[in-house]
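Below is one structure, written out as structure tokens, with a few remarks after it.
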Amino acid sequence: MTSSIPPGTVDTSALTFDELQLATRNHGMPLEALRYELTPVGLHYLLVHYDIPAVDPATWRLQVGGLVATPLELSLDDLRRHDPVTVAVTMECAGNGRARLHPRPVSQPWLYEAVGTAEWTGVPLTAVLSDAGVDDRAIEVVFTGADRGHEGGVEQRYQRSLRLDQALAEETLLAYELNGQPLPPQHGAPLRLVVPGWYGMTNVKWLTDIDAVDTPFDGYQQATAYRWRTDPEEAGEPLRHMAVRSLMVPPGIPDFLTRRRRVTPGACELFGRAWSGTAPIIRVELSVDDGVTWHDADLEASVGRFAWTGWRRTWQAEPGEHVLCCRATDADGRTQPLEHPWNLGGYAVNTVHRVPVTVEP
């Protein structure tokens with residue numbers, strides 16, 4: 001199996017009507033929006049598994065139960081009585097890049113754009129769990145959203161779990177604001193889970209229930225979906241933290257249909273962002289010859305501990321055809337690969353970003 005398709009092309013050999021339906025319901029962040037430290041709400045990537053549920057914030061309540069000393073029923077006003085915390089978080093869909101694999105896994109056909117960085121405001125989950133008093137027998141916390149659908153032969157509400165220690169991490173947030181405004185419906189209003197550093201599927205939207213349990217959660221979105229496997233019969237490994245990755249703002253101007261870039265000769269500033277789910281970015285390299293030679297870019301200050309880092313470098317563009325590439329390295333020593341191993345779900349694709357460019361007067 002080939003790990004990725006040639007740069008500048010898209011595998012449309014089996015593009016389905018179902019995938020088109022998904023593509024029109026969900027949207028990525030235009031790469032030129034990498035210029036913003038914080039992604040405007042309307043440009044932040046969005047994936048809705050089922051339907052956006054109709055939730056009335058005035059009557060909505062969050063149920064906190066399971067193995068707790070004091071079950072809770074909380075309104076938004078109850079949550080707002082806790083001191084608010086705001087965290088800048090880069091969030092990426094686990095399937096970002098799957099459309100560039102060959103054969104292409106059939107699902108939401110992301111290319112590069114399923115990412116965004118925003119400031120989320122809310123109450124630390126650990127504060128709510130402390131109020132409830134989690135029993136010593138609990139090993140996981142299960143999060144249930146109001147969204148319902150049918151997937152993998154299972155009728156379900158969207159649910160995910162975290163180990164108790166992960167749920168109690170100080171940065172894990174129950175968010176009710178996005179970039180200083182109340183959560184919009186498509187992003188999980190009135191309340192969603194935000195787990196910095198983890199792929200987007202972890203951040204359950206439209207939260208209704210939080211339950212402490214003493215057995216590993218085996219719901220569909222945990223035990224079947226979002227697992228790295230190369231064969232349907234494998235149990236697979238669960239996806240968690242985002243892989244190291246970088247993207248660039250495509251330089252010049254695009255062709256309408258192909259998005260092929262055209263740049264005039266001379267000094268051309270290249271700019272982008274890099275992130276990792278586990279460690280700070282320590283290096284970003286650029287290539288203008290499709291990965292044959294590499295040069296270091298200058299790093300900017302990170303937007304926050306859990307947010308992307310800006311980078312830039314000036315390129316002296318000479319007439320001809322070029323393939324620009326960027327790759328990042330984090331403090332754990334992880335570097336983006338030139339090719340990505342194929343997997344059944346098209347998950348955690350973090351190959352170098354390639355941008356074909358024509359330089360002409």
With the stretch 65-182 as the region, which helices (runs of 4 or more DSSP H) entirely inside it contain at least 2 residues that are touching a Ser or Thr at 6+ places or on another chain (Cβ under 6 Å)? 125-132
State all residues of the stretch 44-75 that are surrounded by 17 or more Cβ atoms within 10 Å (Cβ to Cβ) and aliphatic (A, V, I, L, M); if no residue qualifies, say none. 46, 47, 48, 52, 55, 62, 64, 67, 68, 72, 74
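This table checks each residue for (1) surrounded by fewer than 21 Cβ atoms within 10 Å (Cβ to Cβ); (2) among the aromatic types (Phe, Trp, Tyr); (3) under 20 Å from the mean Cα position of the chain (by Cα).
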site	(1), (2), (3)
145	no, no, yes
156	yes, no, no
162	no, no, yes
166	yes, no, yes
173	no, no, yes
181	yes, no, no
184	yes, no, yes
191	no, no, yes
198	no, yes, yes
Could you pull out the residue among 261, 227 that is closer than 30 Å to residue 152 by Cβ and either of a type in the set (D, E, K, R) or in contact with a strand residue (DSSP E or B) (Cβ under 6 Å, 6 or more places away or on another chain) (or both)? 227
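For (1) more than 27 Å from residue 70 (Cα to Cα); (2) modelled with pLDDT of 95 or more; (3) hydroxyl-bearing (Ser, Thr, Tyr), each residue gets a yes or a no:
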residue	(1), (2), (3)
139	no, yes, no
166	no, yes, no
176	no, yes, yes
184	yes, yes, no
230	yes, no, yes
Any hit, the stretch 268-282, residues being out of contact with any Cys (no Cβ under 6 Å at 6 or more places or on another chain), of a type in the set (D, E, K, R) and part of a loop (DSSP other than H, G, I, E, B): no
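The values are calculated or read from the model by the stated rules, or taken from the named source; none is laboratory data. This one's a predicted model, so the numbers in the text were calculated from it and none came from an experiment. Every residue, glycine among them, receives a Cβ derived from its backbone with ideal geometry; neighbour counts consider all protein chains shown.
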